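Structure first, then comments.
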Amino acid sequence: MATRDDWQRRLGPLYGGAVALVHSTPWRWPTEVGDDPRTAGWLVVLGLPIGLLAWVVAALAHAAGLPAGIAALLGLAALSLASAALIERGLAERIDHWDGSSRSPGVAALLALVFATLIRAAAIAALPSSQWLAVLVSTALVGRWAAMFLQAIGDPIDPDGARRSLVAAPAPAWLAAAISLGVAVLVVLALGKLGLLAMALAAIAAFGLGLEAQRKGGGLSSPTVATAAAIGELAVLLVATV
């Protein structure tokens, strides 16, 4: 079986993408890729195939004769599953932390997840099928960009070994700016100028979460990063319905 060093030699600069793929999706690599810091750029770039996959699921379901609303919901479900439900689980953990609940998850977390899921479902179901591709790809990209943005402006987080999460090595300023510009261009092409509003809302929320985590939690954590991603995704879905 190929070792980690073998994969590093084979993939070269793409190895960071393999690490991000294993740690932020359900993908199983042929061998353990180790605890190398996940590259922030790859973490965001993976939003493209994830959003595309979600659209394919929705489009195939619609082509098979399912009502548009149900097909859209299947696409949204695929979006979550393609990221191993990291955003939803992280959001639940963060709400439990705020609520002080020792259960996993607590009542407050369950209610919040149900409420957020209903809003997401209503938003995607309200869109015509012609917008699914643009919205699903933008949703995945902005969610992961919000996670990257928070880590770029905050303190480094322990990657937690083999644990799957959206935690990555903080991007330097130039890389964070380049990724942000690239995501902004794609989102504007997909959603128009309202795409910038979604990114602005996600950035404000990420900044606020970072301040709250620093003051009350002692620093950023994986659930905090996932919460920023959840807000980023929700912002895109809501803006797309305007």
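The values are calculated or read from the model by the stated rules, or taken from the named source; none is laboratory data. For clarity, every value in this text was computed on a predicted model and none was experimentally measured. Counting neighbours? That spans all protein chains shown, and the Cβs are built from the backbone with ideal geometry, glycine included.
Can you name the condition, by its number, that Ala228 falls short on among (1) outside any helix (DSSP H, G or I); (2) surrounded by 21 or more Cβ atoms within 10 Å (Cβ to Cβ)?
If we test Ala228 against (1) outside any helix (DSSP H, G or I); (2) surrounded by 21 or more Cβ atoms within 10 Å (Cβ to Cβ), just (1) comes out false.
Could you count how many residues in the range 62-78 are hydrophobic (A, V, I, L, M, F, W, C), assigned to a helix (DSSP H, G or I) and over 23 Å from the mean Cα position of the chain (by Cα)? Lay out the reasoning, then the answer.
Taking the range 62-78 first, the residues hydrophobic (A, V, I, L, M, F, W, C) are 63-64, 66, 68, 70-74, 76-78.
Remaining after also requiring assigned to a helix (DSSP H, G or I): 63, 68, 70-74, 76-78.
Applying the additional criterion that residues be over 23 Å from the mean Cα position of the chain (by Cα) yields 63, 68.
The total comes to 2.
Every residue, every condition in (1) of a type in the set (D, E, K, R); (2) over 16 Å from the mean Cα position of the chain (by Cα), yes or no:
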| position | (1), (2) |
| --- | --- |
| Val185 | no, yes |
| Met199 | no, no |
| Gly210 | no, yes |
| Lys216 | yes, yes |
| Ser222 | no, no |
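For the range 135-156, does any single residue satisfy the condition of being buried (at least 18 other Cβ atoms within 10 Å of the Cβ), at pLDDT below 90 and not in a helix (DSSP H, G or I)?
In the first step, residues of the range 135-156 are kept if they are buried (at least 18 other Cβ atoms within 10 Å of the Cβ); the result is 135-152, 154.
Next cut, at pLDDT below 90 only: 154.
Those left that are additionally not in a helix (DSSP H, G or I): 154.
Yes, because at least one residue in the range 135-156 is buried (at least 18 other Cβ atoms within 10 Å of the Cβ), at pLDDT below 90 and not in a helix (DSSP H, G or I).
Any residue in the range 171-181 that is in contact (Cβ under 8 Å) with a residue 60 or more places away in the chain and of a type outside the set (Gly, Ala, Ser)?
yes
When the range 79-88 is examined, which residues are found to be more than 18 Å from Ile119 (Cβ to Cβ) and assigned to a helix (DSSP H, G or I)?
Listed by number, the residues that qualify are Leu81, Ala82, Leu86.
Condition test on Trp132, is it within 19 Å of the chain's Cα centre (by Cα), of a type in the set (Phe, Trp, Tyr), in a helix (DSSP H, G or I) and under 20 Å from Ser24 (Cβ atoms)?
Details: within 19 Å of the chain's Cα centre (by Cα): yes; of a type in the set (Phe, Trp, Tyr): yes; in a helix (DSSP H, G or I): yes; under 20 Å from Ser24 (Cβ atoms): no.
Criteria not met by Trp132.
I'd like the full set of residues that are in a helix (DSSP H, G or I), in contact (Cβ under 8 Å) with a residue 40 or more places away in the chain and over 16 Å from Leu234 (Cβ atoms), limited to the range 196-222.
Looking only at the range 196-222, we keep the residues that are in a helix (DSSP H, G or I), and these are 196-216, 222.
Narrowing further to those that are in contact (Cβ under 8 Å) with a residue 40 or more places away in the chain: 197-199, 202-203, 205-207, 209-210, 213-214, 222.
Listed by number, the residues that qualify are Phe207, Gly210, Ala213, Gln214, Ser222.
Would you call Ala126 buried (at least 24 other Cβ atoms within 10 Å of the Cβ), more than 24 Å from Ala206 (Cα to Cα) and not polar (S, T, N, Q)? Let's see the steps before the verdict.
Values: buried (at least 24 other Cβ atoms within 10 Å of the Cβ): no; more than 24 Å from Ala206 (Cα to Cα): yes; not polar (S, T, N, Q): yes.
In short, no.
Restricting to the range 157-182, count the residues that are part of a helix (DSSP H, G or I) and of a type in the set (S, T, N, Q). Write out each step before concluding.
Quick first cut of the range 157-182, residues part of a helix (DSSP H, G or I) only: 173-182.
Those left that are additionally of a type in the set (S, T, N, Q): 180.
Within the range 157-182, residues that are part of a helix (DSSP H, G or I) and of a type in the set (S, T, N, Q) number 1.
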